[in-house]
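In what follows, a structure is listed as structure tokens, so that the remarks can point back to it.
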Amino acid sequence: MSRALPKYSKRRVGFIGGAAAVALSGAVIAGSALAGESSDGNDANVRTLAGPGTISCPDVTPELPAIPASAQAEVDRNLGQLDTQIAEANRRLVDTVGQGGPDFVQNAILGPLEDKRVAAINRIATAIGRTAERPAGLDSLAACTLNAEGAADAGGETGGDGGGEATVPPADETGQGAGQDDAGQEGGNGAGDAGNAGVGTISCPDVAPELPAIPASARAEVDRNLGQLDTQIAEANRRLVDTVGQGGPNFVQNAILGPLEDKRVAAINRIATAIGRTAERPAGLDSLAACTLTK
């Protein structure tokens with residue numbers, strides 16, 4: 001009996017050791033399989049979250065004509081704004097990773113960026129046009145793209161340490177978007193910082209009463225852009241309804257009122273430019289661009 005015990009102990013130890021080895025092998029195999037699955041199947045998602053890409057925009061500077069000395073400071077200031085806009089858009093790209101649906105980047109980042117660029121580019125053209133021939137066709141440089149691999153598109157300007165903003169498809173000189181119902185342009189003041197937990201209405205200053213006599217040659221373009229101002233308000237009000245519950249306390253200001261103001265600045269600039277071709281260009285209309293949210 002005493003001699004059988006050691007043999008039994010050896011067999012038991014051998015059995016336990018074998019079972020442990022099998023279990024360890026299974027764990028290693030399972031771990032390897034999981035690692036392989038993670039690297040093969042989920043790397044794209046990880047890369048998407050870790051590196052959302054970079055926004056690339058056409059460089060405006062090489063497309064400018066000779067800049068009059070009297071316009072240089074204003075042109076430089078707005079060229080700086082274009083760089084700042086790209087940097088802000090790239091930061092927003094990183095800060096909002098995982099938010100929204102498939103069109104989030106286009107609607108919330110690239111579209112508003114394009115509107116801001118249209119406004120800045122118009123200011124540049126206006127500054128040059130005061131003492132020299134106003135450059136045409138610069139609006140075609142407003143649209144930006146997203147490079148999902150993180151490298152800037154060829155020929156684009158990327159905002160240094162995280163570029164500017166992007167926009168929707170390029171806006172032409174005649175306006176942006178199709179005409180919609182008139183949302184009205186009532187006067188209004190105050191900040192639009194309220195969240196959109198409760199839907200309100202967007203109110204904007206009426207531009208038409210502030211215009212001087214409109215030359216007949218400018219009437220069609222002015223009317224078209226006044227229509228665009230109405231369309232922009234209608235679209236913003238629809239977006240206000242469609243995005244209820246999204247974002248934080250500043251969502252309405254950042255995603256709706258801010259982009260709307262940029263679009264209005266661009267349309268108002270087109271109106272002033274149209275009048276200024278054959279009459280004195282109206283000044284101070286940009287003060288009518290900001291809108292408010294009324295509950």
(message) Given points 7 Å out from each Cα along the Cα-Cβ axis, report the L211 to D223 separation in nanometres with one decimal.
(response) 1.0
(request) On the full set of protein chains, 1.4 Å probe, figure out the accessible area of I271 and give it in Å² to the nearest 10. (result) 0
(request) Ignoring everything but the protein chains, give the 1.4 Å probe accessible area of T278 in square angstrom, nearest 10. (result) 90
(request) Just grab the label-to-label distance for V94 and T294, each label 7 Å out from Cα along the Cβ direction, in nm (one decimal). (result) 4.1
(request) Using label points projected 7 Å from each Cα along Cα→Cβ, tell me how many nm separate Q72 and D242, to one decimal. (result) 4.6
(message) I'd like the accessible area for T84, computed on protein heavy atoms only with a 1.4 Å probe and all protein chains in place. Round to 10 Å², please.
(response) 60
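The values are calculated or read from the model by the stated rules, or taken from the named source; none is laboratory data. These numbers come from a predicted model, not from an experiment. Cβ coordinates were reconstructed from backbone atoms using ideal geometry, including for glycine residues, and neighbour counts include every protein chain displayed. The accessibility values were calculated without ligands, DNA or RNA, using every heavy atom of the protein model including side chains. Shrake-Rupley method; radii C 1.70, N 1.55, O 1.52, S 1.80 Å.
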